[in-house]
Structures are given as C-alpha cells and as structure tokens.
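The values are calculated or read from the model by the stated rules, or taken from the named source; none is laboratory data. This one's a predicted model, so the numbers in the text were calculated from it and none came from an experiment. Note that we place each Cβ from the backbone using ideal geometry, even for glycine, and neighbour counts take in every protein chain shown.
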Amino acid sequence: MLILYGLPVSTFSTKVRIALHAKGIAFEERLPPGGYRSDAWRAIIPTGTIPAIDHDGLLLAESEAIIEYLDEAFEGPALLPGNAATRARIRMLARVHDLAVEPAVRALFPLIRDPARRESLPTLAAGIAERLRQLAQLRSGDPHWMAGVAFSTADCGFAVTLPLAAHLLDALGQPLNMPASITGWLSRSADHPAVAAGLAPWRPATEAWLTQALAGASK
C-alpha cells in the first residue's frame, strides 16, 4: 500500500492527492509522524517538508518528483503524455505553478492573519493577475487542459492553487482577475473526477483554517 504523508490543507499535498486519483492508485493518507516540520518527521524526511510518499519502503519527497515517479511506476492514464516536446511543455507549466503562481498566492497568507498588512493587497492581487496573464500566454493554443488535450501533471497544482487564490482574495474583498482561457480551464478542472476527489479533504480543511485565521485577525 502506498502511503501519502501530508495535510488536508496543504496545497502540495493536494496536488499529489489529485495525481494519485488521476492515476487510479490506491493509497492511505497519513499525517506526518510527530507533526509537520517536527524532529520526528525530519528523522524520516530531513527537509521536514510535505508531501512525501512511502511506497514499499521507498521514501520520496517533493511533489513533482513524486508525481513523475507515480507516472512511471504505476499503470493508469499518463500524467506526462505525448512526445518529448509535449512532456517538456507539461514540465514547464508545472514549474510555473510551483515557482511563480503558487508563491504569489501564498504571499496572501500573512494578510489573512494580520489586517495591518492588507495595504499591500492591491499589489499582491495585481501580481497574481500578472502571473495568470503570463500563464495564459504560455499555454496559448492549448484547447482544453493546461498543456493540451490530456489531463497532466501541469493541471494538478493549478487545480488547487487557483481555487485557493479565489477563496483568499474573496475573503479579503478583492476579486480574482483571471484571463478568460484560465477561467474556462478552471471550470473544466472542477468537473474532473480526480480533481473533485483530491479537493474533497482540502475544501473543509481550508475553510476551517480560513475561518480560524480571520477570527484571530479580528481580535
């Protein structure tokens, strides 16, 4: 049995969870022993990060490395389909998620917890909008999924990060400005069975975190 170590609220844990469902892989999800970034968890994963997997004794961290391993080690729909050029575009867009879009969204977290920081909201919201404009330009011509006609690893991260961005900005009173092509992709992704299953634990966990953080900020 494959074990996924992560947290329901974690964006990158959810990204891997979506990939597992997309591949049709049976798995058990567990919290990191000792807690996220604890000494006990660092004894298993020295970086102390999540997600990680244990597959028959193989311990592996970093979401993209995990997903590429899952794609190679298990049967099921390919998450890196197509020829070398297509796979390179998939990897490129997956890295745009990890290195550009997700960090721009993560920068909103301090604003949720601390109203004094919300003067930076217009700048951060504009930064997210610019990242999404760049994303739309990078995937120009792709008709359906993030990197073409097949659901791929390029879709897994955006399927959680863009709903998170919309939710956070809505809570801050700032609508998410998305290009039309990204809005269309987001609507399609919400209907994908793997995305729906992967987001099922994430949605209530994120709502609970957001409610608690906003309540703490109002005190």
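Annotations
Results for (1) more than 15 Å from P103 (Cα to Cα); (2) among the polar types (S, T, N, Q); (3) crowded, with 17+ Cβ neighbours inside 10 Å; (4) in contact (Cβ under 8 Å) with a residue 60 or more places away in the chain, shown as yes or no for each residue.
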position	(1), (2), (3), (4)
R131	no, no, yes, no
M146	yes, no, yes, no
F158	no, no, yes, yes
P175	yes, no, no, no
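- Top-ranked residue of the stretch 107-121 - restricted to ones that are touching a residue at least 24 places away in the same chain (Cβ under 8 Å), among the charged types (D, E, K, R) and assigned to a helix (DSSP H, G or I), ranked as farthest from A208 (Cα to Cα): R118
- Total residues in the stretch 56-96, condition hydrophobic (A, V, I, L, M, F, W, C), under 14 Å from A150 (Cα atoms) and part of a loop (DSSP other than H, G, I, E, B): 3
- Test: residue in the stretch 43-53 that is surrounded by fewer than 13 Cβ atoms within 10 Å (Cβ to Cβ), assigned by TED's automatic domain parsing to the domain that holds A165 and free of Cβ contacts under 8 Å to residues at least 12 places away in the same chain: no
- Residues located in the stretch 7-26, provided they are part of a loop (DSSP other than H, G, I, E, B) and either buried (at least 24 other Cβ atoms within 10 Å of the Cβ) or out of contact with any helix residue (DSSP H, G or I) (no Cβ under 6 Å at 6 or more places or on another chain) (or both): S10, G24, I25, A26
- Those helices (runs of 4 or more DSSP H) lying entirely in the stretch 160-219 with at least 2 residues farther than 22 Å from S13 by Cα: 180-190, 202-217
- Residue match in the stretch 27-41 (condition: in a helix (DSSP H, G or I), surrounded by 22 or more Cβ atoms within 10 Å (Cβ to Cβ) and of a type outside the set (A, V, I, L, M, F, W, C)): no
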